[in-house]
Amino acid sequence: MIDELNSIFMEVKDAEPEFENIPDGEYLAIVTKAEYKLSKAEKPMVQFTFKITEGDYKDKYHNKFMMLSGKDEASLRANLSRYGTELKKYGLQVTSIQESFDSLKSTISKEVKITVKTSDSGYTNTSVEVL
């Protein structure tokens, strides 16, 4: 049994996960993960993961990435302002960026309505309303 598991594991362990984007629209969901991390380009960001709870896409996941960097000071300030606004939606009032990262775990299991909208350039915007 272990040999069979190991054989399959060795075949799939490095495969890219198959991820299907959900179409534009509104979805009821819960937050399953919220964490500070680095992007593939080694830039600071926060990732929220939502699990759809109803409808045709029930049990599918959707990610929202919030970049905490920018190409210049103006874009950095804009990104940090968006992040601060997002925290307020969850009722989080923090006094430092580190405290915000530590507080992200309190968003887990929150019920939300997410609205997914893809721009003409292919960028996916996800707005969140905490229920």
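Rule-based calculations on the coordinates, nothing more; no lab input. Computed from a predicted structure; not experimentally measured. As a convention, Cβ positions derive from the backbone with ideal geometry for all residues, glycine included, and neighbour counts pool all protein chains shown.
In this structure, is GLU35 under 12 Å from the mean Cα position of the chain (by Cα) and outside any strand (DSSP E or B)? Give the steps one after another, and end with the answer.
Values: under 12 Å from the mean Cα position of the chain (by Cα): yes; outside any strand (DSSP E or B): no.
So GLU35 fails the test.
The set of residues in the range 23-43 that are among the aliphatic types (A, V, I, L, M) and surrounded by 12 or more Cβ atoms within 10 Å (Cβ to Cβ) comprises LEU28, ALA29, ILE30, VAL31, ALA34.
Quick grid of which residues meet (1) more than 17 Å from GLU129 (Cα to Cα); (2) among the small types (Gly, Ala, Ser):
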| residue | (1), (2) |
| --- | --- |
| LYS13 | yes, no |
| ILE30 | no, no |
| PRO44 | yes, no |
| GLY55 | yes, yes |
| TYR83 | no, no |
